[in-house]
Amino acid sequence: MTASVDYVLGLADDALVSAQRMSWWISRAPELEEDLALANIGLDQLGQARTLLSYAGVVEGAGRTEDDLAYLRDDRDYRNVWLVERPQTDFGVTMARLLVLSTYQCELYAALASCGDPTLSAIAGKAVKEVAYHRDHARLWTLRLGDGTELSHTRMQAALDAEWPFVEELFEPVDGALVDPSSLRPAVLAGISSVVAEATLELPTVAPVVGGGRRGLHTEHLGHLLADMQHLHRSHPGATW
Amino acid sequence: MTASVDYVLGLADDALVSAQRMSWWISRAPELEEDLALANIGLDQLGQARTLLSYAGVVEGAGRTEDDLAYLRDDRDYRNVWLVERPQTDFGVTMARLLVLSTYQCELYAALASCGDPTLSAIAGKAVKEVAYHRDHARLWTLRLGDGTELSHTRMQAALDAEWPFVEELFEPVDGALVDPSSLRPAVLAGISSVVAEATLELPTVAPVVGGGRRGLHTEHLGHLLADMQHLHRSHPGATW
Amino acid sequence: MVTGTAFEELLAEDGRVEPRDPMPEGYRRTLVRQIAQHAHSEIIGMQPEGNWISRAPSLRRKAILMAKVQDEAGHGLYLYAAAETLGVDRSDLIDQLHTGRQKYSSIFNYPTLTWADVGAIGWLVDGAAIVNQVPLCRCSYGPYARAMVRVCKEESFHQRQGFEILHTLSHGTPAQHAMAQDAVDRYWWPSLMMFGPPDDDSPNSAQSMAWGIKRFSNDDLRQRFVDMTVPQSEALGLTLPDPEIRWNEERGHYDFGTIDFSELQQVIAGNGPCNRDRIDHRVGAHEDGAWVRDAATAYEAKRADRVGAA
Amino acid sequence: MVTGTAFEELLAEDGRVEPRDPMPEGYRRTLVRQIAQHAHSEIIGMQPEGNWISRAPSLRRKAILMAKVQDEAGHGLYLYAAAETLGVDRSDLIDQLHTGRQKYSSIFNYPTLTWADVGAIGWLVDGAAIVNQVPLCRCSYGPYARAMVRVCKEESFHQRQGFEILHTLSHGTPAQHAMAQDAVDRYWWPSLMMFGPPDDDSPNSAQSMAWGIKRFSNDDLRQRFVDMTVPQSEALGLTLPDPEIRWNEERGHYDFGTIDFSELQQVIAGNGPCNRDRIDHRVGAHEDGAWVRDAATAYEAKRADRVGAA
């Protein structure tokens, strides 16, 4: 049993776009140790993206490489969720987002590790260890920021509130899903809730936005991200790097 | 007598890159009237860039159009000064920069209007009226911000200080110049000094940066500007829009 | 005191109500709300198109787009001025926009994902706006009617530009054609929703008609838009995403499918793709500009003092 | 009290000075300044290469570049830790960087204009750094020497990656080859200047040599770098921008042209292409992160309290 191209691209693009946003922090983190940690997380995500994109190319069978898929698709062909594509220049927002994403990816990759597609299952088995580290890191910072100073508490709550509308899109039905996204919802929300409570924060109650990333419907932010990311590659068609 | 391609590109790129930065303000200005005014200024600059690029293409004689020159050159081939290429998201900086640029362009275009190259002379004759309006606008805001509140005075002085290292590059020698840049220096500095004094501000004394835009040596900011500007055009080689 | 009679006589004669004329409070309030919402829509509408200024694919298109977005700022200015003739302040209206107490057109809560969206907004969104607005040129309130004359003239220019963008794309490379079709697919239904809820679900329409603010029903205007747009889509070589569209000889109109207003309700409720971005962008610009506006006020006061002292 | 004799004996035996050993104040101060400057260079050096992470032309290159910049952060950490063994605080050193009281290598005040610059920095700048740093693995101060062993191992890995980037470009399309040549043209002379002023204009070198901090003179190291790099440039198929480079049989070294140090003086004086951007970037990140560091401190204090109370 083989996953659909679009399903694999959804997994790959979540990782790739996250890595692209995460790498913004390198040289801009609050302390040097965090430059290292965020670079590490970004590298893990990029690594996941690369294997997943290569596999999507294999499933598609049209000879497209990881670079073809990363650099030569337009935003309408990207399949990532909105959670990962918006700019994040506030450390609290980055950690709130990473908490959501990594908790989701932990459950997802754990489930995929025993799915019917052996390649995907192998990729997921490796990735689940990486995202568990990401989740630990996000949890630690959620605690520090939520239960730190009055200012950090306020900012971390605002960050959670800002990211919350983008949570539900993770659980929307996807064509050809090997793991039903809605089946992950209880464990993901429970995982987030417990750390949020321990961090003396409130679970937000804001309504979800409409979303649509899995169908190629994005925010206006993705196009600018891709412009920067793809410009050099597209400027030299056919070149080797 | 015909100007050199590089000389015309210098004029064109100053205008084009300014227009690109100026258009950022549209929908972000401090008040609606200013959205209109800055759009107007950006449109004037873009118009100047278009005629100048077209003319550069004619002088070059290789059949390159305004779009070829705008969209298919890399940053090492751009000839604009550093003054215009750095991001400006502070209104004071925008006005300080516009004061410098428009005062310079007023003197430059006035001189070019009677230069030996009839095409360039005609372009300059039209442009000089536009940049005189830009200068009036920048002067008015320099007065308002310099002689407004204590906060605005401080911010406008900081803005002038921030732009000042980029002034001297305007007067550096350029190969094939039809107007010697250094000949413009006294009038430009006098024009700026008088409005700075009237605005109760101090003329900065900070040293100039090394510069090099006329030789294609830029800051790291230009590459990102071009990535965003050129991405769509380069993504569809040969297409008509 | 408002003399209902004088006002009603004026309306009966199809005359224009002017700022100093007596008018019922409900009429004034309805107009303020509608004109403000219209002005806000122009201002918020600068953002989705503004999103493509930096990336416009040719310098000519960039210039046209900049000029268009600039026109929208201008429309906002006329309309705020028209609202101010009714005794409100622009700064209060802007505050009500920023705090969500006044609305703007929900169409601007959809993102511009590709360059073709700029064309689709021009062709469909401006097209629908024109159909809505042409009757407002004969609105009973003079300053609003006059502002609309000016706005409509520029809007029809913008609509032609949008059509031209799509025409070029539709007849360009296969990728460009697909981009144009995709934009039309996404903007068609939201454009139809710009005319508001169906007539039997539009409680305030009757009063606005009686007051001469509204001249045609939502469904009538929507039909007019469909009738105008279907032949244009054929000229463009693009398909409207509604298999039920067909000419109805009997009615002398195009039939079209049922609109799913539930998505619109979500967008109006604040959960559309861009609601938050649009308001954050606006509020951010306003707050960032506060020191500049304060400086201008302080400078004018100093100048006035100096003139007074001289 | 520092016993000059014990310290001098240790140096004479080529032994390692350790943190608790007696040492002259001048030795300590010189080391702090040098190690801090070295650490700052790693941190500031993250920026020019970081500038290309978002635009790296393949995902493989992106991953390699991210890992490299991450390594630089790691080097910064080792080096600050080595400096701290001399009784200073990392936060004080960072403050001295931010306020311009301590320097970093001027090479990082040049911009990365093209992707090839990432290759040139790896090949030339890391190459020069290695030549400078390998002798430091035998530096008289133990913690610094041990940090350098680790740093040098990673740097030589980075240098090979830089070489490989340029090799691929040099053998790629004509545009890629030109990009590589252009980067080498711009980075060659600044790389030579990384070794500092000529020996007869280097007043502090003698003392550093006597203290076993410095092992070779600036000009010796520079010559070693040229000798190593010229054959590599031939392997790359790229030209070094110095027509006077030629093998001197008699000296057993490559001759090269006269370095124009006046530009370097301008850059050191703060007027280089990127001085201000580099410091603004660093200070901005530090200030933006203050609330985060404060939160971590407060959280640890609360946790310690809770543990104490339990």
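For D:Val17, nonlocal amide neighbours, meaning residues 5 or more places apart or on other chains whose placed amide H falls under 5 Å from its own, are D:Tyr141, D:Gly142. Taking θ as phi - 60° and the Karplus parameters 6.51, -1.76 and 1.60, the scalar couplings of segment B:171-177 work out to 9, 6, x, 10, 4, x, 5 Hz in sequence order, x denoting glycine and proline. Sorted from closest to farthest, the other copies place their A:Glu198 label points 6.5 nm away, with each point set 7 Å from Cα along Cα→Cβ. Count Lys and Arg as plus one, Asp and Glu as minus one, and take only other residues whose Cβ is under 13 Å from that of C:Leu10; the net charge is then -4. As a length-normalised measure over Cα pairs under 8 Å and 6 or more apart, the relative contact order of segment A:120-241 settles at 25 percent. Once the Cβ-Cβ distance between A:Val206 and B:Ala197 is put in as r, and R0 is 56 Å, what FRET efficiency do you end up with, to the nearest 0.05? So the FRET efficiency works out to roughly 0.60.
Taken about its Cα centre, segment B:99-147 carries a charge dipole of roughly 120 debye when the Cβ of each Lys and Arg holds +1 and the Cβ of each Asp and Glu holds -1.
Report relative contact order for chain A in percent, whole number only (criteria: Cα-Cα under 8 Å, sequence separation at least 6). Could the numbers behind the result be given before it?
Numbers: 337 pairs, mean separation 59.6, N = 241.
In percent, rounded to a whole number, it is 25.
For A:Lys126, a cut-off of 16 angstrom between C-alpha atoms picks up these aspartates and glutamates, skipping any fewer than 8 places away in its own chain: A:Asp44, A:Glu107, A:Asp117. FRET efficiency for the pair D:Ala304 and C:Lys153, taken as 1/(1 + (r/R0)^6) with r the Cβ-Cβ distance and R0 = 56 Å, rounds to 0.20.
Once you mark the GluC sites (Glu not before Pro) that are in a DSSP loop and have at most 12 other Cβ atoms within 10 Å, what is the longest gap between them in chain D? Mind dumping the intermediate values first?
Working: sites that count: D:Glu13, D:Glu244, D:Glu249, D:Glu250.
Segment D:14-243 is the longest.
Please report how far the C-alpha centroid of segment C:119-137 lies from that of segment C:1-54, rounded to the nearest whole angstrom. Their Cα centres are 18 Å away from one another. Relative contact order, whole percent, for segment D:182-263 stands at 30, derived from Cα pairs under 8 Å and 6 or more residues apart. Buried surface between chains A and D: roughly 4000 Å² of accessible area, summed over both sides, computed with a 1.4 Å probe on protein heavy atoms only. With θ taken as phi - 60° and the Karplus curve 6.51 cos²θ - 1.76 cosθ + 1.60 applied, the whole-hertz 3J(HN,Hα) list for segment B:208-220 is x, 7, 5, x, x, x, 5, 9, x, 9, 10, 7, 6 Hz, x standing for glycine and proline.
Does chain A come out rounded, prolate or oblate by the C-alpha gyration tensor, with a ≥ b ≥ c the root eigenvalues, rounded set by a/c under 1.5 and, if not, prolate when a/b is larger than b/c and oblate if not?
prolate
Summed over the residues of segment C:1-142 and divided among them, the accessible surface reaches 33 Å² per residue at a probe radius of 1.4 Å.
Rolling a 1.4 Å probe over the protein heavy atoms gives chain A an accessible area of 33 Å² per residue.
D:Arg29 label point (Cα plus 7 Å toward Cβ) to equivalent points in the other copies: 7.9 nm, shortest first. Take D:Val283, push a point 7 Å out from Cα through the beta-carbon direction, and compare it with the same point in every other copy: 3.1 nm, smallest first.
Remark on C:His253: its backbone amide H falls under 5 Å from those of C:Asn248, a criterion applied only to residues 5 or more positions apart or on other chains, H modelled at 1.01 Å from N. For D:Lys153, the lysines whose Cα comes closer than 24 Å to its Cα, not counting residues fewer than 8 places off in the same chain, are D:Lys62, D:Lys68, D:Lys214.
Based solely on its DSSP helices, what 222 nm [θ] is calculated for the protein assembly as shown when runs of n ≥ 4 H residues each add -39,500 (n - 2.57) and the sum is averaged over all residues, nearest 500 deg cm²/dmol? Spell out each step's value before the answer.
On the way: 44 runs with 696 residues, N = 1102.
That calculation yields -21000 deg cm²/dmol at 222 nm.
Coupling constants for segment D:106-112 follow from the phi torsions by the Karplus curve (6.51 cos²θ - 1.76 cosθ + 1.60, θ = phi - 60°), and in residue order they are 5, 4, 7, 8, 9, x, 8 Hz; glycine and proline get x.
Helix hunt in chain B: which complete DSSP H runs extend at least 27 Å axially by C-alpha with mean Kyte-Doolittle at least -1.0? Walk me through the numbers on the way to the answer.
Values: long enough: B:32-60 (41 Å, 0.35); B:91-112 (30 Å, 1.06); B:118-146 (40 Å, -0.15).
Correct list, ordered by number: B:32-60, B:91-112, B:118-146.
Computed from Cα atoms alone, the Kirkwood hydrodynamic radius reported for segment B:1-103 is 14.2 Å. Global dimensions of segment D:1-117 from alpha-carbon coordinates: Rg and Dmax equal 18.2, 58 Å. If you take the beta carbon distance between C:Ala6 and B:Lys126 as r and set R0 to 60 Å, what does 1/(1 + (r/R0)^6) give as a FRET efficiency, to the nearest 0.05? It comes to 0.65. Given +1 at the Cβ of Lys and Arg, -1 at the Cβ of Asp and Glu and no other charges, the dipole of the protein assembly as shown around its Cα centre is 160 debye to the nearest 20. Of the three principal axes defined by the Cα atoms of segment A:114-241, the extents in descending order read 54, 37, 29 Å.
What is the percent carbon and sulfur in the accessible area of segment A:1-129, measuring with a 1.4 Å probe over the protein chains and ignoring ligands? Could the numbers behind the result be given before it?
Working: 1960 of 3680 Å².
Solvent-exposed carbon and sulfur of segment A:1-129 make up 53 percent of the total.
Put +1 on the Cβ of every Lys and Arg and -1 on every Asp and Glu Cβ in chain C; which of C:Gln159, C:Gly237, C:His253 then has its Cα farthest towards the positive end of the dipole? It is C:Gln159.
For segment A:141-241, the fraction of 1.4 Å probe accessible surface lying on carbon and sulfur atoms is 57 percent.
On a per residue basis, segment D:211-310 carries 53 Å² of accessible surface, using protein heavy atoms and a 1.4 Å probe.
For segment D:18-71, the calculated P(r), taken from all Cα-Cα distances in 10 Å bins from zero up to the bin holding the longest distance, is 21, 32, 19, 17, 10, 1 percent. Let me know the Kirkwood hydrodynamic radius for chain D, please, with Cα pairs as the basis and the value in Å to one decimal. So the Kirkwood estimate lands at 21.0 Å.
May I ask you to give the percent of accessible area on chain C that is carbon plus sulfur, with a probe radius of 1.4 Å? Can you show the working numbers first?
On the way: 6910 of 13070 Å².
Result for chain C: 53 percent of the exposed heavy-atom area is carbon or sulfur.
Among the trypsin sites (Lys or Arg not before Pro) in segment C:1-54, those placed in a DSSP loop whose Cβ has at most 14 other Cβ atoms within 10 Å are C:Arg20.
Be a star and scan segment C:123-145 for residues whose amide nitrogen sits under 16 Å from the point 7 Å along the Cα-to-Cβ vector of C:Asp219. From segment C:123-145, the list is empty. Using a 1.4 Å probe on protein heavy atoms, which residues of segment C:24-69 have at least 30 Å² less accessible area in the complex than alone? Correct list: C:Met46, C:Asn51, C:Ile53, C:Ser54, C:Arg55, C:Pro57, C:Ser58, C:Leu59, C:Arg60, C:Lys62, C:Ala63, C:Met66.
The values are calculated or read from the model by the stated rules, or taken from the named source; none is laboratory data. Owing to the predicted nature of the structure, the values given are computational and were not obtained by experimental measurement. Positions of Cβ are generated from backbone atoms using ideal geometry, with glycine treated the same way; all protein chains shown enter the neighbour counts. Calculation scope for accessible area: heavy atoms of the full protein, side chains included, ligands and nucleic acids excluded. Shrake-Rupley method; radii C 1.70, N 1.55, O 1.52, S 1.80 Å.
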